[in-house]
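Q: My questions all concern the structure below.
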Ligand code: SF4
């Protein structure tokens, strides 16, 4: 099979081959997501997975060390199933010692401390979690399936197990007029959880998202481009953990990357400089052109 479309990887894992081990997402309810609409969550049969590992092995370089597991949330699978996949990978590509992949906050909650340690022992040393926001109202409205306290608790458990992690922050998720609340709550919650990296993505509604119904019914209004930029600035300004912040997704209008706290002041100043130069209409046209956005 070798990858059923669509599959994704974060920018820092672009050189890690993707290995799909599940279809769909076990949650599938987030209002801002249509990635796996209509695709049931299933574990792929091992013979399909091994066939794909064979294909990766054919083109693997001698220094290939890391594989990125895909499907919506591969770490929803039991640890024994994941370990069986790692066995198959390492039989065919012995240089592989590290695994990443997308993960839900609740996938971590559903694993015991012992499970997490077993994963770390097998090389699961950095994963990517869709935390999205630390603002409970926004998380509940979007049916994200976790609350802010879960983010902090599961982040702490990952630290205890020795696993590094990246969070997504979905700027604009709280809707028009709520950006500052979202930024402040999220900065506090993310800082308590302590990700090593935060990827900022800007909400870009399309007609295929469940959120389109919320917009049509007047339950959610998109924030302006200026409000989103100021939200991101407030979020960065109030982070109090040590992490890399990357705001360079193609939905982001003002793009930057830097370490917090090392570059924090410079990032805030950069946004001070850029926000007055933003053109609301041009930014919206970019979203429509790139993503078929509907506001
Ligand atoms: S958990 Fe992730 S993949 Fe699943 S519905 Fe939500 S945003 Fe989409």
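A short reminder: the numbers here are calculations on the coordinates, not readings from a lab. Note that the coordinates shown come from a computational prediction; the quantities given were computed from them, not determined experimentally. Heads up, the Cβs are rebuilt from the backbone with ideal geometry, glycines too, and the neighbour counts pull from every protein chain shown.
Q: I'd like the FRET efficiency for residue 125 and residue 8, computed as 1/(1 + (r/R0)^6) with the beta carbon distance as r and R0 of 30 Å, rounded to 0.05. Can you show the working numbers first?
A: Numbers: r = 20 Å, r/R0 = 0.66.
Computed FRET efficiency for residue 125 and residue 8: 0.95.
Q: When DSSP beta bridges are limited to those with both residues in the chain, what percentage is antiparallel, rounded to the nearest 5?
A: Working: 8 of 32 bridges.
For the chain, the DSSP antiparallel bridge percentage is about 25.
Q: Cα axis of helix 46-59 to longest principal axis of the chain: angle in degrees, 0 to 90, nearest 10?
A: Helix 46-59 sits at roughly 80 degrees to that axis.
Q: In degrees between 0 and 90, to the nearest 10, how far off the longest principal axis of the chain does helix 225-238 point, with axes built from Cα atoms?
A: For helix 225-238, the angle is close to 70 degrees.
Q: Per q in 0.13, 0.16, 0.19, 0.20 Å⁻¹, report the Debye log10 I(q)/I(0) for region 134-269, using one uniform scatterer on each alpha carbon and no solvent.
A: -0.53, -0.80, -1.10, -1.20
Q: Connecting C-alpha atoms closer than 10 Å in a GNM of the chain, tell me which of 45, 261, 195 has the biggest fluctuation.
A: Answer for the Gaussian network model of the chain: 45.
Q: For helix 79-92, report the angle its Cα long axis makes with the longest principal axis of the Cα atoms of the chain; keep it between 0 and 90° and round to the nearest 10°.
A: It is inclined by approximately 70 degrees.
Q: May I ask you to derive the relative contact order of region 11-291, considering only C-alpha pairs under 8 Å and at least 6 residues apart, and to give it as an integer percent?
A: Values: 504 pairs, mean separation 40.2, N = 281.
Once divided by the residue count of region 11-291, the mean separation gives 14 percent.
Q: Find the all-direction average of the projected area of the Cα convex hull for region 167-227, expressing the result in square nanometres with one decimal place.
A: Values: hull surface 18.2 nm².
For the Cα atoms of region 167-227, the hull's average projected area reads 4.5 nm².
Q: With springs connecting C-alpha atoms under 10 Å apart, model the chain as a Gaussian network and identify which of 79, 22, 124 has the largest mean-square fluctuation.
A: 79
Q: On average, how much area does the Cα convex hull of region 99-182 cover when viewed from any direction, in nm²? Intermediate results must be reported in sequence, preceding the final value.
A: Values: hull surface 20.7 nm².
Averaged projected area of region 99-182's Cα convex hull equals 5.2 nm².
Q: State the dimensionless ratio Rg/Rh of region 1-156 (Rg: radius of gyration of Cα atoms; Rh: Kirkwood radius).
A: Taking Rg over the Kirkwood Rh, I get 0.97.
Q: What translational diffusion coefficient, to the nearest whole µm²/s, does region 11-291 have by Stokes-Einstein, given a Kirkwood radius computed over alpha-carbon pairs, a temperature of 37 °C and 0.692 mPa s viscosity? Working shown, then result.
A: Values: Rh = 19.7 Å.
Translational diffusion coefficient: 167 µm²/s.
Q: Continuing with the same structure: Before rounding to the nearest 500, sum -39500 (n - 2.57) across all DSSP H runs of length at least 4 in the chain and divide by the residue total; then give [θ] at 222 nm in deg cm²/dmol.
A: After summing the helix terms and dividing by the residues of the chain, the value is -12500 deg cm²/dmol.
Q: Taking springs between alpha-carbon atoms closer than 10 angstrom, which of 265, 221, 156 fluctuates most in the Gaussian network model of the chain?
A: In the Gaussian network model the winner is 265.
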